[in-house]
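Undergrad: Before I ask anything, let me first share the structure, which is written out below as structure tokens.
Please treat every number below as a calculation from the coordinates, not as lab data. In this text, all values refer to a predicted model and were calculated from it rather than measured experimentally. Ideal geometry is used to build each Cβ from the backbone, glycine not excepted, and the neighbour counts take in all protein chains shown.
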Amino acid sequence: MFIITACNNIKLQETKKPLTKEIFAMDTEITLTCYGENAERTLSEAEERIKEIDGLMSTGKADSEISQLNKKGNAKLSNDVYYLIKRAVEISKKTNGAFNPLMYPIMKLWGFDTKRYRIPGEKEIKEKLEFTDINSIVSDENTRKISLKKGMEIDLGGIAKGFTSDELIKIFKKNGVDGLVNLGGNVSVTERKPENKPYKVGIRSPYSGLLGVVTVRDKSVITSGGYERYFEKNGIRYHHIMEPSTGKPANSDLLSVTVISKDGMYADALSTGIFVMGKKTGIAFFKQNHEKFDIILLDKKSKIYVSNGIKNEFISKGFDVEVIKE
Ligand code: AMP
Ligand code: MG
């Protein structure tokens, strides 16, 4: 996904120039854009917060809370990490296991942690699937202690960016500035751009160019797809979103799933979860739970399915678009 911002709009640039900052963290290119008087201070605070969250949640950093928890099997956690694990477990149950924050042993098996990719054998996969039972996470609200069974490891990669976006937008709002954050194509925006305009967010097409553009205020627009990270062997593509019931890249009939919500963390987890569910189950899940979010799906026949709540705000060229009936 990519974002069309006021930077492209020369007239706006003349009147209210945004301040931007680019940061590489969480394995992702992050761009922060701010309008308003406190923009500079806001960007510094936002950068601090990104580094803090990355330091807590990165599986790639040996001293992060997540790495320590994974290594020791139990740990007393910060508010941030405890809260995110709790939400991840709730969403895992709600999505019937399609979203599962315990996929790290499986991710490692396929080499997604080191980028030394390989295709594991059935036996290895079966062994590691033993460690992905969401009901085996034990938590204590009072001490914020989480305990895992031996072999279990948490991976917040499917939810942490959405959480971070929410935290950054909170900082923007606290400082009274408007703007947007773009974490590797996942975009969250405040209520308005200068002149009270809404934001136009481009959703990247898995082929090339754009799937479409969605007009939003105070929302996150989060996309998951197998095209985002993958390796190829003998002409077959193996991507990074795992089907928790098989321990293999999800054999989804969807190419991409965009979830639009005020709750960026929820949108992030759901975009991953609905991709795993596939079209039929994903749309059924949406119909049962649609109060808090909208969806834009692209299936393998290049057809777009857009939910009713966002259909008037979504523009697409060259794709067949069907509105999902609620
Ligand atoms: P996203 O890009 O938000 O769809 O998240 C994908 C990332 O989430 C992967 O790179 C893994 O770190 C992790 N992940 C993979 N499969 C799942 C799954 N079924 N549920 C939750 N997280 C997953
Ligand atoms: Mg996600």
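Undergrad: Cross-link list Lys219/Lys292; Lys94/Lys126; Lys93/Lys150: which exceed 19 angstrom alpha carbon to alpha carbon?
TA: Cα-Cα > 19 Å for Lys94/Lys126; Lys93/Lys150; rest within.
Undergrad: Another question about this same structure. Loop only by DSSP, 11 or fewer other Cβ within 10 Å of the Cβ. Give me the GluC sites (Glu not before Pro) in the stretch 85-166 that pass, ordered by residue number.
TA: Glu141
Undergrad: A further question follows. Multiplying the sequence separation of Lys108 and Thr281 by 0.36 nm and subtracting their Cα-Cα distance, what value in nm do you get? Kindly include the intermediate steps, with their values, before the conclusion.
TA: Values: separation 173, 0.36 × 173 = 62.28 nm, distance 2.75 nm.
Gain on extension, Lys108 to Thr281, equals 59.5 nm.
Undergrad: Cβ neighbours within 10 Å, averaged per peptide: list 167-178, 229-240 in order, most packed at the top.
TA: On the way: 167-178: 19.2, 229-240: 12.8.
Per-residue Cβ counts within 10 Å, averaged per peptide and sorted highest first, yield 167-178, 229-240.
Undergrad: Another question about this same structure. Tell me, what are the semi-axes, in whole angstrom and largest first, of the equivalent ellipsoid of the stretch 237-295 as set by the roots of 5 times the Cα gyration tensor eigenvalues?
TA: Working: eigenvalues 84, 29, 17 Å².
Each semi-axis is √(5λ); the values are 21, 12, 9 Å.
Undergrad: Let me ask you something else. Please report the net charge: other residues with Cβ closer than 10 Å to the Cβ of Gly60, K and R +1, D and E -1. Provide the component values of the computation, followed by the final result.
TA: Values: positive: Lys61; negative: Asp27, Asp54, Asp113.
Once all neighbours under 10 Å are counted, the net charge is -2.
Undergrad: Sum up the charges of everything whose Cβ sits under 13 Å from the Cβ of Lys279, counting Lys and Arg as +1 and Asp and Glu as -1, but leave Lys279 out.
TA: +2
Undergrad: Under the 0.36 nm per residue contour assumption, what length would be gained going from the current alpha-carbon distance of Lys311 and Ser139 to full extension?
TA: Details: separation 172, 0.36 × 172 = 61.92 nm, distance 4.03 nm.
So the extension gain works out to 57.9 nm.
Undergrad: Continuing with the same structure: How big is D, in µm² s⁻¹, for the stretch 113-171 by Stokes-Einstein at 20 °C and 1.002 mPa s if Rh is the Kirkwood radius over C-alpha pairs?
TA: Rounded, D is 146 µm²/s.
Undergrad: Using just the Cα positions, wrap the stretch 138-252 in a convex hull and report its mean projected area in square nanometres, one decimal place.
TA: Here the figure is 11.0 nm², rounded to one decimal.
Undergrad: To continue, here is another question. Which pairs, out of Lys86/Lys149; Lys51/Lys174; Lys76/Lys248; Lys71/Lys161; Lys279/Lys325; Lys17/Lys193, put more than 21 Å between their alpha-carbon atoms?
TA: Among Lys86/Lys149; Lys51/Lys174; Lys76/Lys248; Lys71/Lys161; Lys279/Lys325; Lys17/Lys193, the Cα-Cα distance tops 21 Å for Lys76/Lys248; Lys71/Lys161.
Undergrad: Sticking with this structure for a sec: By per-residue mean of other Cβ atoms within 10 Å, what is the highest-first order of 75-83, 156-164, 267-275?
TA: 267-275, 156-164, 75-83
Undergrad: Could you compute how fast the chain diffuses translationally, taking Rh as the Kirkwood radius over C-alpha pairs and applying Stokes-Einstein at 4 °C with viscosity 1.567 mPa s? Give it in µm² per second.
TA: Roughly 64 µm²/s, to the nearest whole number.
Undergrad: When every alpha-carbon pair in the stretch 140-191 is counted, what percent end up more than 13 Å apart?
TA: Summing the P(r) tail past 13 Å for the stretch 140-191 gives 67 percent.
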